[in-house]
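Worksheet for the structure shown next.
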Amino acid sequence: MNFKGDIPAIYGWGSYIPVYRIKLDEIARVWGEEPARVKSGLQVEEISVKGRDEDQVVIAVNAAWTALKRAPEVSPKDIGAVYVGSESKPYAVKPTATIVAAAVGAPVTIRAADYEFACKAGTEALISVMAQVVSGMIRYGLAIGADTSQSWPGDVLEYTAGAGGSAYIIGSKSSTSVAYFESQYSVATDTPDFWRRDEVKYPRHMGRFTGEPAYFKHIMLAANELMSREGLKPSDFDYFVPHQPNGTFPVRVALRLGFKPEQVKPGLISPWVGNFYSGSSLTGLSRVLDKAKPGQRILLVSFGSGAGADAFSLVTQEAIEGKKGLAPTVDDYISRKKYVDYSTYLKFWDKIYGV
Amino acid sequence: MSDMSVPKTPRIWQLAERRYRLIGSKCLKCGRVFVGSRKVCPQCGSRELEDVELSRKGKIYSYTVIRASPMEREKYGPYIMAIVELDDGCKLTTEIVDCSPEEIDIGTEVEATFRKIGEESKSGVIYYACKFRPVAKGV
Ligand SMILES: [Zn+2]
């Protein structure tokens, strides 16, 4: 345990996923790719698509509302910080966090900011809130990872770039918190595996280079750092939730770290909704909390290009049982869906220029 | 030039939080709840009213499909506008999203969802508010 005084804990968790989906078969049809080959390589069936009136702010606010439903004992007036991680903010300058704070009824006496670290911006927001809680600076904080994941039309990223996110109400551990954090470790190196330059609409990446020296290296470094420093091994965990850029990487990194498929599968969302970028691993954790029983241990490891990873060890508590039914689950959102074709997807994304 | 114009935002600022959180007024004397901010109760004439968060669930009271969209929404396509009767008794005009007109009817149960309602321009302020969508199992 690397917390010295109060223990940070989750009071409420909640997600939001837009209702629209596009099948990978449909994207492959447009680009002349073989659908079976694309799907077996990525292990993704379909991805969530933002609606014409949805953006990253919409996902963040709706996820925050869902998380607050699961924390009825937390008054929005007691929230002291709202931090949102994302790489698809609708404003380049102007925080999403202040819109979220107003929409949940937080007081004006709060800290609010947006975080950026590619796909691990959400867990950076979470760490900031945890630190302010245990230092006594705030009573409760709201941490969110949300994205309408961006991709160039025709790029391989287009097959996995979904839309969605999750929110967490954090306070100090008590009998009404649902899970507490045992420890948190991070790694960061200067690795240009994936980036988006200022004023450019969609990100670029190093293709195959994004796997080995980026995703696998950093997730394994952070996970191994946590396990060796805390004296834990894969068999001590009930669940392993890594970042999910597709359906294959999370399972492969789990096996390489020594986890079994049944430890990683409960937190998988990418096969049905794709990669939520900053919201990816946090929504995987949300799905695990939807199912977990009290006293179970979870290893959460985000990954952000650029590159780095944040590892968290959590243990669920008794209060989780009473809070599961207070709001829709990740699976409720995954199962509520309407398919769109590629041209409708382009329209929702405003990717048709000149009209 | 429009990008350099002074944005028409102050009125939007005043209303933003009320729209985000669906805040209305409640008469402390007769208990009736109203959409928007009221100084005098239209039901009993009392001047004692307070702000309340309106119910986020209700039923479709009436609806229509807008096929000839106004100019700023011409790319938005056909959309559903409805009068929704909230569980606390008041009625509001709102857009119904996440469904096609064939999937709803008068009486369909709906719930609030936070959405983008427009923007001043491509470089301007973005406006958000509650819209409503059909209640699905669990969600
Ligand atoms: Zn009255």
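The values are calculated or read from the model by the stated rules, or taken from the named source; none is laboratory data. Predicted model, so just to flag it, every value in this text is computed and none were measured. FYI the Cβ positions are ideal-geometry reconstructions off the backbone, even for glycines, and counts take in every protein chain you see. We work out accessible area using only protein heavy atoms, side chains counted, and drop any ligands, DNA or RNA first. Shrake-Rupley method; radii C 1.70, N 1.55, O 1.52, S 1.80 Å.
Some notes on this structure:
- Counting 0.36 nm for each residue step from A:Glu225 to A:Asp155 and taking away their Cα separation leaves a gain of 21.8 nm.
- In sequence order, segment A:225-238 has phi-based couplings of 4, 4, 5, 6, 5, 9, x, 10, 10, x, 6, 7, 9, 8 Hz under the Karplus curve 6.51 cos²θ - 1.76 cosθ + 1.60, θ = phi - 60°, and Gly or Pro positions carry x.
- Per-residue ellipticity at 222 nm computed for the protein assembly as shown from its helices equals -7000 deg cm²/dmol, with DSSP H segments shorter than 4 residues left out and the rest contributing -39,500 (n - 2.57).
- Residues of segment A:317-355 buried by at least 20 Å² on assembly (accessible area, 1.4 Å probe, chain alone as reference): A:Pro328, A:Asp332, A:Tyr333, A:Arg336, A:Lys338, A:Lys347, A:Asp350, A:Val355
- For segment B:55-139, DSSP calls about 95 percent of its internal beta bridges antiparallel.
- Net dipole in debye of the protein assembly as shown [+1 Lys, Arg Cβ; -1 Asp, Glu Cβ; about Cα centre; nearest 20]: 720
- For A:Phe240, distant residues with modelled amide H under 5 Å away: A:Val264, A:Leu299
- Applying the Karplus relation 6.51 cos²θ - 1.76 cosθ + 1.60 with θ = phi - 60° to segment A:90-97 yields 3J(HN,Hα) values of x, 9, 6, 10, 1, x, 5, 4 Hz, where x marks Gly and Pro.
- Using θ = phi - 60° in the Karplus curve 6.51 cos²θ - 1.76 cosθ + 1.60, the 3J(HN,Hα) couplings for segment B:63-76 round to 8, 8, 9, 8, 9, 9, 6, x, 3, 6, 10, 5, 8, 6 Hz; x is entered for Gly and Pro.
- With all protein chains modelled, accessible area of A:Asp155 [1.4 Å, Å²]: 30
- Amide H contacts of B:Arg32 (H built 1.01 Å from N, in plane; Pro and chain starts excluded): B:Cys27 sit under 5 Å, all sequence-distant by 5 or more or on other chains.
- Cut-off under 5 Å, modelled amide H: who pairs with B:Glu119 long-range: B:Tyr127
- Bridge orientation summary for chain A: considering DSSP beta bridges with both residues in this region, about 70 percent are antiparallel.
- Length added when fully stretched, A:Asp350-A:Lys265, from 0.36 nm per residue minus Cα-Cα: 27.2 nm
- Three-way shape call for segment A:265-330 based on the alpha-carbon gyration tensor, with the a/c threshold at 1.5: oblate
- Student exercise, segment B:55-139 dipole from Lys, Arg, Asp, Glu Cβ charges, in Debye to nearest 20: 180
- For chain B, the normalised intensity computed at q = 0.09, 0.16 Å⁻¹ comes to -0.33, -0.94 (log10 of I(q)/I(0), Debye sum over alpha carbons, equal scatterers, no solvent).
- For segment A:231-355: lysine pairs under 15 Å (alpha-carbon distance), excluding those fewer than 8 apart on one chain: 6
- Ordered by solvent-accessible area of protein heavy atoms (1.4 Å probe), largest first, the residues A:Ser335, B:Ser25 come out as A:Ser335, B:Ser25.
- When the protein assembly as shown is reduced to its Cα atoms, the Kirkwood hydrodynamic radius in Å: 23.2
- Computed accessible area, B:Lys91, all protein chains, 1.4 angstrom probe, square angstrom: 100
- Solvent exposure, largest accessible area first (probe 1.4 Å, DNA, RNA and ligands not counted), of B:Arg67, A:Arg70, A:Arg37: B:Arg67, A:Arg37, A:Arg70
- Here the simple spin-label model places points 7 Å from the Cα toward Cβ, and for A:Ala113 and B:Lys39 these points are separated by 4.3 nm.
- For segment A:179-321, the fraction of alpha-carbon pairs in successive 5 Å shells from zero, as %: 2, 11, 20, 24, 20, 12, 6, 3, 2, 0
- Estimated distance in nm for a label pair at A:Ser343 and B:Lys75, the labels positioned 7 Å out from Cα along Cα-to-Cβ: 1.6
- Once the C-beta distance of A:Leu255 and A:Lys324 is scaled by a Förster radius of 45 Å, the resulting FRET efficiency is 0.95 to the nearest 0.05.
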